[in-house]
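The values are calculated or read from the model by the stated rules, or taken from the named source; none is laboratory data. Please read these numbers as outputs of a predicted model, since none were measured by experiment. Cβ: placed from backbone, ideal geometry, glycine included. Neighbour counts: every protein chain shown. Protein only, heavy atoms only, side chains kept; ligands, DNA and RNA dropped before computing areas. Shrake-Rupley method; radii C 1.70, N 1.55, O 1.52, S 1.80 Å.
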Amino acid sequence: MSTSLSRRDFLKASAALGGGFALEFSFPLASRAADGASAAEVNAWIVIHPDDRVVIRIARSEMGQGTYTALAQLVAEELDCDWAMVSAEFASPNEHVRRQRVWGSMSTGGSMGVRSSQDYVRRAGASARQMLIEAAALRWQVPASECRAADGVVSHETTDRTLRYGQLASDAARLSPPAEVKLRDARDWKIAGRSLARLDIPDKVLGKPVFGVDVMLPGMLHASIAQCPVFGGTVSRIDASAAEAMRGVRKVVREESFVAVVADSWWRANEALKKVVIEWDTGSHGDASNETITAMLRAGLADPDLPQARTLGNTGAALASAAQVIEAEYQSPYLNHATMEPQTCTAWFRPDGFLEVWTSTQNGEASMAAAAAAAGLPLEQVEVHKMMLGGGFGRRGGPQDFVTQGVTIARALPGVPVKLMWSREEDMQHGFYRPASIVTMKAGLDAQGKLVALHTRIACPSILKVLMPGALKGGIDFTAVRAFNDMPYVVANQRVDYALRNGHVPVGFWRAPGQQNSFYRESFVDELAAAAGQDPLAYRLALLKPDDKNCLVLEAVAKAAAWGGPLPQGIYRGLAIADGFGSFTAMVAEVSVSAQGQLRVQRIVVAIDSGYVVNPDNCRAQAESNVVYGLGSILYQANNVKDGRIVESNFHNFRIPRLHEMPKVETVLVPSGGFWGGHGEPAILPLAAAVCNAVFAATGKRIRSLPLARHDLRAA
């Protein structure tokens, strides 16, 4: 008997399951009022219902960072509607393609969600407001200049007449948008700039099915997957007879790079997968290990002909004539993203030839492209229903492997929705990891201890080579040299060499790509301050231009943390700065280290200048998120390689911070205006250096490699 569902049967079953879950994500452009009257699309971003409800479409993804709400605030600010009547929905990637990418970029990464789209989403709100005013003026037969819009109502003050947005939306939708609109000054904001409650939180708290892992569809089957434990390996032979005989199993799918079992529940699929005998061809990487990877990176550092990411002055001559030369080597390991929600994708090849996909993605367009390629369909025959993400951090952006796999598996069972979900072990051992790297720094100081020359050599796998090869310029990956090739310190002689060495471990964008370099640079600057016999704060300020915004955040964090003031017994401070992702950040960490070498991060004070702040509470939450996420990588996280494969398999040997380990975080927002910066990543940049500089203050030991679990922190 066929299990294939027609779309009519599918929708009937969906309604029976509890309220048209699929419809909520399938047809955002067909919103209707409760009484059946059509809502009006004033423009691509804004739908207004007759009862004054305003639906704002969001093109970016929501993974806990608050973009969903912040973008809605910016649109609502310029629209000047009643915020209590506002809701949001994801824009349809399929409609996006059909309408010539009307919503701009759907990619969400690099702390770009708000800062790179703020201008055009605000203009969408302002344009819609002007169209509503024009519609009212036409109805009243008065000049539009005599009308004003506020709080969802257009008024004509001379005659004391008013019309609600819901009464005007249909008329406004028929008007041409204005050629030019004026955006509000941030000083006049009423909705933006406030700590409004996030739109996505209630459904999450109530446990509604908002994440990709929550998707439940009528007749849906479940898939579990096994990939070669050695990256790049392939399937040589399988024996699936035992698995195929197990209860609930519907199919075993074999592809070149993976084997999947499809069953009527995920647990049955995963249990059956364990019974499949798989012989893997591991290729030439089965002997790779930490040692061979380190050797590869060191060989890169030894290469005398490396491309230069930055050349300023005559670094060699300045080092030769320096009063003092300081050298150090720093390193860090591969790191998994460790998202709480494992990779997941639900795909349904409908009987009419259309493909629908539900997934947690940082880029709806990229997911649709991957799905279309795997299905052999044009983009117009694919829809991606963007779900909330249970963590992204870059893993669900460029790599769309989970979508390709999900669609490939579902293609073997046309007419039936199939949900692929990776096990935690697959997720831990088949990521696109933060690159491991080794960096050497050689600094020259003059007689007064001032930094006059810095030569940096970086050996690091290239993320761009893996995910965006066309972005490599002259053998330089900008993410690998970040913090050195754009260093804010005024140093007359600088040279940055880059050794691109990739190996077989796939690397990808990890929260704040290149953030290890901030750890290296800011820890080394502390070493230079100590060698010069100077205070770390004063040393940094002396190296910055007086009008540099890094000075603003340094001074703000120093004041908030009472830098230089007395500390409680056993508490020590460390300091670091970093600018990146459009913002400027400075941080002070306070730590204690017991006589047994037990570290406790007690307090973090962070100052951020992002130019503007759309939702202060959310920006503070992002600083706290950066701290807890980064803390694990500082304290104990590392992905080790043995026999070509990742050793760590779950959270028992890849720890994440627990509640009792979370320090107090104080965030100082110092928006200076004139530019737009991000908040999703900046606060992680100075974290490792601030903590490790505090550890030095406490123990006298310099930390030049992470994680700290590998070090004896008993006082020197």
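The figures follow:
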{"read-out": "Residue tally, condition open to solvent by 30 Å² or more (accessible area, probe 1.4 Å), outside any loop (DSSP other than H, G, I, E, B) and not aliphatic (A, V, I, L, M), over the range 372-403", "value": "3"}
{"read-out": "Inter-residue pairs, beta-carbon under 8 Å, first over 21 Å from GLY300 (Cβ atoms) and modelled with pLDDT of 95 or more and in the range 480-506, second surrounded by fewer than 19 Cβ atoms within 10 Å (Cβ to Cβ) and small (Gly, Ala, Ser), 6+ apart", "value": "ALA492/GLY313; ASN493/GLY313; ASN493/ALA317"}
{"read-out": "ALA436, sole failed condition from (1) in contact with a Pro (Cβ under 9 Å, 6 or more places away or on another chain); (2) over 30 Å from VAL325 (Cβ atoms); (3) small (Gly, Ala, Ser)", "value": "(2)"}
{"read-out": "Filtered residues of the range 87-136 (kept if open to solvent by 10 Å² or more (accessible area, probe 1.4 Å), assigned to a loop (DSSP other than H, G, I, E, B) and of a type outside the set (S, T, N, Q))", "value": "ARG99, ARG101, VAL102, GLY104, GLY109, GLY110, MET112, VAL114, ARG115"}
{"read-out": "Options VAL416, VAL481, VAL439, VAL452: the member that is touching a strand residue (DSSP E or B) at 6+ places or on another chain (Cβ under 9 Å) and closer than 30 Å to THR346 by Cα", "value": "VAL416"}
{"read-out": "Members of the range 419-431 that are touching a Phe, Trp or Tyr at 6+ places or on another chain (Cβ under 8 Å) and more than 16 Å from LEU273 (Cα to Cα)", "value": "MET428, HIS430"}
{"read-out": "Residue within the range 445-455 that is touching a residue at least 60 places away in the same chain (Cβ under 8 Å), in contact with a Ser or Thr (Cβ under 8 Å, 6 or more places away or on another chain) and open to solvent by less than 30 Å² (accessible area, probe 1.4 Å) present", "value": "yes"}
{"read-out": "Matching entry among ALA558, ALA586 (being under 24 Å from ARG600 (Cα atoms) and surrounded by fewer than 24 Cβ atoms within 10 Å (Cβ to Cβ))", "value": "ALA558"}
{"read-out": "Close pairs (7 angstrom Cβ cut-off, 6 or more residues apart or separate chains): within 16 Å of ASP427 (Cα to Cα) and at pLDDT below 95 in the range 397-409, open to solvent by 20 Å² or more (accessible area, probe 1.4 Å) and among the acidic types (Asp, Glu) anywhere", "value": "none"}
{"read-out": "Test: residue in the range 322-331 that is within 30 Å of the chain's Cα centre (by Cα) and open to solvent by less than 20 Å² (accessible area, probe 1.4 Å)", "value": "yes"}
{"read-out": "Whichever residue in the range 441-477 is part of a loop (DSSP other than H, G, I, E, B) and either of a type in the set (Phe, Trp, Tyr) or closer than 19 Å to GLY503 by Cα (or both) and, among such residues, is farthest from the chain's Cα centre (by Cα)", "value": "GLY475"}
{"read-out": "Selection within the range 485-539 - assigned to a strand (DSSP E or B) and of a type in the set (A, V, I, L, M)", "value": "VAL496, ALA499, LEU500, VAL507"}
{"read-out": "Filter result for the condition that a residue is within 20 Å of the chain's Cα centre (by Cα), surrounded by 18 or more Cβ atoms within 10 Å (Cβ to Cβ), on the phi < 0 side of the Ramachandran plot and hydrophobic (A, V, I, L, M, F, W, C), over ILE646, ILE608, ILE656, ILE703", "value": "ILE608"}
{"read-out": "Selected residue (only one of VAL230, VAL235 is out of contact with any Leu (no Cβ under 9 Å at 6 or more places or on another chain), within 28 Å of ASN640 (Cβ to Cβ) and assigned to a strand (DSSP E or B))", "value": "VAL235"}
{"read-out": "Residue check, ALA347 small (Gly, Ala, Ser), open to solvent by 10 Å² or more (accessible area, probe 1.4 Å) and under 25 Å from PRO218 (Cα atoms)", "value": "no"}
{"read-out": "Qualifying position, being touching a residue at least 40 places away in the same chain (Cβ under 8 Å), open to solvent by 40 Å² or more (accessible area, probe 1.4 Å) and farther than 30 Å from TYR68 by Cα, among ARG237, ARG247, ARG184, ARG194", "value": "ARG237"}
{"read-out": "Strands (runs of 3 or more DSSP E) fully within the range 563-682 counting 2 or more residues that are polar (S, T, N, Q)", "value": "583-593"}
{"read-out": "Where LYS208 falls short, out of the listed (1) farther than 18 Å from SER423 by Cβ; (2) surrounded by fewer than 18 Cβ atoms within 10 Å (Cβ to Cβ); (3) modelled with pLDDT of 95 or more", "value": "(3)"}
{"read-out": "Among (1) aliphatic (A, V, I, L, M); (2) open to solvent by 50 Å² or more (accessible area, probe 1.4 Å); (3) out of contact with any Ser or Thr (no Cβ under 9 Å at 6 or more places or on another chain); (4) part of a loop (DSSP other than H, G, I, E, B) - the single one ALA716 does not satisfy", "value": "(3)"}
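Yes/no matrix, rows are residues, columns are (1) hydroxyl-bearing (Ser, Thr, Tyr); (2) open to solvent by less than 50 Å² (accessible area, probe 1.4 Å):
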| position | (1), (2) |
| --- | --- |
| LYS473 | no, no |
| THR479 | yes, yes |
| PHE484 | no, yes |
| MET487 | no, yes |
| VAL491 | no, yes |
| ASN502 | no, yes |
| VAL507 | no, yes |
| ARG511 | no, yes |
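Matching residues to (1) closer than 28 Å to GLN494 by Cβ; (2) without any contact (Cβ under 8 Å) to a residue 40 or more places away in the chain; (3) assigned to a strand (DSSP E or B); (4) polar (S, T, N, Q):
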residue: ILE278; (1), (2), (3), (4): no, no, yes, no
residue: GLY283; (1), (2), (3), (4): no, no, no, no
residue: ALA288; (1), (2), (3), (4): no, no, no, no
residue: PRO304; (1), (2), (3), (4): yes, yes, no, no
residue: ARG310; (1), (2), (3), (4): yes, no, yes, no
residue: LEU319; (1), (2), (3), (4): yes, no, no, no
